Structures are given as structure tokens and as C-alpha cells.
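S.K.: Here it is, the structure, as C-alpha cells.
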Amino acid sequence: MINITVGSFKGGVGKSTVALNFAYELSKYYKVLLVDTDPQNSLAFFLCQEFKKGFSEILFEGENSEGLVKTPFLKENPNFYFLPTGVFCIKNPILYEDGFTVDLVRNFLTNISKFNFDFVVYDTPPRISKHIETLLNVSEDFLMVLNPDPATYSSLKIFLQFIQKSGIKSEIYTIINKTEPTLISEDFTRLIVAELNKKNILGILPTDKQVSESQGKCKPIIMYNPEAPFSIFLKKAVLSYINSK
């Protein structure tokens, strides 16, 4: 079972959208559990699902993981499973952050091992924190979602320093999202590619208004419209990731 943490270091980059569609496309080839760990429960909203119980209840209240993840989420795809964050994290934000330990997450992974998932994909809060450090310490791979803009470029440099100091050994992959045919977007795309030395950049995804339309339909865009520009480039990114393993 390979764990993939999907993260960003500022909001609004499309991290949750990428996490959802990446996990869904990956589930066409493997059995995948998508776990929302962000107290905003963004993925539950995207998928129009209630989130009274989820990941935070399993970690901190001993909720039965089997009861929450035993059924495929979509009848169209028997390999795609989804677990929302839940409400414990909303009611207890300090405990959820400060008590989010490697041992708790590893216990969760032990409990779900019976389902034989090939991949567990985690969506995370958009910041550098103990929360994301914990997930990176249990994850083989880290998927960074970046935008081609000055703020994202600055946060990338800070995060790379954080990774170096923390000694985290996750393999780093990158998707550059919301690119546009403008000089600023093109310049910062080139800067990010140069900063990462072209290593493990899975794809460069365009801004696509159909992403918002798909959320209104409660579906991943890659399912709602497989021929949308975002979907086409995301599929290529997933194949690049699979081919790298």
C-alpha cells in the first residue's frame, strides 16, 4: 500500500481538485482510498456528501474504520473509496493539530489493511504544519500542487528548506495547476521547473472553467467531462506517475 500526501502551502491553488481527480484517475488502474484530512471537508462538499463521521473520528474517537470505508464510493467505479475528514476536527481544532501523530495514522493504516488498497491518497490543509509533517513521515510520495505565480514560487522555496531540515524522505512529485497563456504564468512556470530541476514534474494543468461546473454536478471533472482540457492533462500526469513507479 503506497501512501500519497497531496499538499500546497497556500490556499486557492486547486489542491483538493487535483487530489480528487488524481485519486479517481488512479483508481481506474488500482484500488484507491481518498482521505480528506483538512478540517474544511472540501472534498465532501465537492462530492455533495455528509461528513458527520470520518477520518478525525477514527483517529481520535476510535470510530470503526471498516464501517466508514467498506463500500466503494461510486457505482461507476468499484475501485474508488472516499473518507471525509468528519466533524471532530472542527470541534477540537487544537487537539486535532497538536495530537495528529505518526502513531495514530499508522494505527489507521493497520486497521484498513484488510481492504487491500493499493494507494491511500491524503488531501491536506494548505500550509506547512505538524499535520503535513506527520503525513509525510508515513507517505512514500508527496504530490505538491503549485500555481505559476509569485506567492506560490516563494512558498515553494520555503517548503524545500522545510523538507531539507526535517529529513523527510518522501519522494516529491509536482503538478503545476491553473496555468494560463500569459507572460506571468509562463515565466513562473519556467521558474518552478528550474527550481525543481525538472525532476518528477508530472504535469502542467490549464485553468478550466469546467472544473467548477463538475463540482456543481458533485463529480470529479475527469468523470464529468473526460475530454475537458484539465481532464486530458490530468490523465497524462497520472500515467507519468504510474510509469515512475
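The values are calculated or read from the model by the stated rules, or taken from the named source; none is laboratory data. Fair warning: this is a prediction, and the values are worked out from it, not measured in the lab. Positions of Cβ are backbone-derived with ideal geometry, glycine not excepted, and every protein chain shown enters the neighbour counts. To get the accessible areas, we keep the full protein, side chains included, count just its heavy atoms, and leave off ligands, DNA and RNA. Shrake-Rupley method; radii C 1.70, N 1.55, O 1.52, S 1.80 Å.
S.K.: Restricting the search to region 81-93, which residues are surrounded by fewer than 22 Cβ atoms within 10 Å (Cβ to Cβ) and either without any contact (Cβ under 8 Å) to a residue 24 or more places away in the chain or under 17 Å from Y24 (Cα atoms) (or both)?
M.R.: The one that is surrounded by fewer than 22 Cβ atoms within 10 Å (Cβ to Cβ) and either without any contact (Cβ under 8 Å) to a residue 24 or more places away in the chain or under 17 Å from Y24 (Cα atoms) (or both): K91.
S.K.: Return yes or no: is Y224 modelled with pLDDT of 90 or more and either within 17 Å of N21 (Cα to Cα) or not charged (D, E, K, R) (or both)?
M.R.: Taking the combined requirement at face value, the residue satisfies it.
S.K.: Considering only residues that are in a helix (DSSP H, G or I) and without any contact (Cβ under 8 Å) to a residue 40 or more places away in the chain, look in region 192-204 and name the one that is least open to solvent (accessible area, probe 1.4 Å).
M.R.: Looking at residues that are in a helix (DSSP H, G or I) and without any contact (Cβ under 8 Å) to a residue 40 or more places away in the chain, I get V193.
S.K.: Further question: Scan region 28-47 for residues that are open to solvent by less than 10 Å² (accessible area, probe 1.4 Å) and free of Cβ contacts under 8 Å to residues at least 60 places away in the same chain and jot them down.
M.R.: Listed by number, the residues that qualify are N41, A44.
S.K.: Find the residue count for region 88-100, including only residues that are of a type in the set (V, I, T) and in contact with a Lys or Arg (Cβ under 9 Å, 6 or more places away or on another chain).
M.R.: 0
S.K.: Go through (1) open to solvent by 10 Å² or more (accessible area, probe 1.4 Å); (2) in contact with a strand residue (DSSP E or B) (Cβ under 7 Å, 6 or more places away or on another chain) one by one and return the number of the condition N137 breaks.
M.R.: The number of the failed condition is (2).
S.K.: I would also like to ask the following. If I go through region 210-235 residue by residue, how many of them are touching a strand residue (DSSP E or B) at 6+ places or on another chain (Cβ under 6 Å) and not hydrophobic (A, V, I, L, M, F, W, C)?
M.R.: Matching residues across region 210-235 total 1.
S.K.: For region 1-31, enumerate the residues that are touching a Leu at 6+ places or on another chain (Cβ under 8 Å) and under 17 Å from L135 (Cα atoms).
M.R.: M1, N3, I4, T5, V6, G7, S8, F9, S16, A19, A23
S.K.: Quick check on my filter: what residues within region 140-150 are open to solvent by 40 Å² or more (accessible area, probe 1.4 Å) and under 15 Å from the mean Cα position of the chain (by Cα)?
M.R.: Passing the criteria: only E140.
S.K.: Could you tell me whether K130 is open to solvent by 10 Å² or more (accessible area, probe 1.4 Å), out of contact with any Pro (no Cβ under 8 Å at 6 or more places or on another chain) and closer than 24 Å to I242 by Cα?
M.R.: The answer is no for K130.
S.K.: State whether one or more residues within region 9-19 are surrounded by 21 or more Cβ atoms within 10 Å (Cβ to Cβ), under 21 Å from S214 (Cα atoms), in contact with a Ser or Thr (Cβ under 7 Å, 6 or more places away or on another chain) and not aliphatic (A, V, I, L, M).
M.R.: Yes, there is a match, as at least one residue in region 9-19 is surrounded by 21 or more Cβ atoms within 10 Å (Cβ to Cβ), under 21 Å from S214 (Cα atoms), in contact with a Ser or Thr (Cβ under 7 Å, 6 or more places away or on another chain) and not aliphatic (A, V, I, L, M).
S.K.: Shifting gears a bit: Is there any pair linking a residue in region 3-20 that is over 9 Å from M144 (Cβ atoms) to one that is among the aliphatic types (A, V, I, L, M) and part of a helix (DSSP H, G or I), with Cβ under 6 Å and at least six apart or on different chains, and which?
M.R.: Short answer, once both residue conditions are applied: N3/V138; T5/L135; T5/L136; K10/A151; S16/L43; T17/V211; L20/L43.
S.K.: Please count how many residues of region 224-245 are crowded, with 19+ Cβ neighbours inside 10 Å and among the aliphatic types (A, V, I, L, M).
M.R.: Final tally of qualifying residues: 4.
S.K.: If you don't mind, another one. Return the only residue of Y96, Y153, Y122 being open to solvent by 40 Å² or more (accessible area, probe 1.4 Å), modelled with pLDDT of 85 or more and under 24 Å from G12 (Cβ atoms).
M.R.: Y153
S.K.: Any chance you could count how many residues in region 38-53 are closer than 22 Å to S214 by Cβ and either in a loop (DSSP other than H, G, I, E, B) or in contact with a strand residue (DSSP E or B) (Cβ under 8 Å, 6 or more places away or on another chain) (or both)?
M.R.: Total satisfying the criteria: 11.
S.K.: Of all residues in region 52-80, how many are small (G, A, S) and open to solvent by 20 Å² or more (accessible area, probe 1.4 Å)?
M.R.: 2
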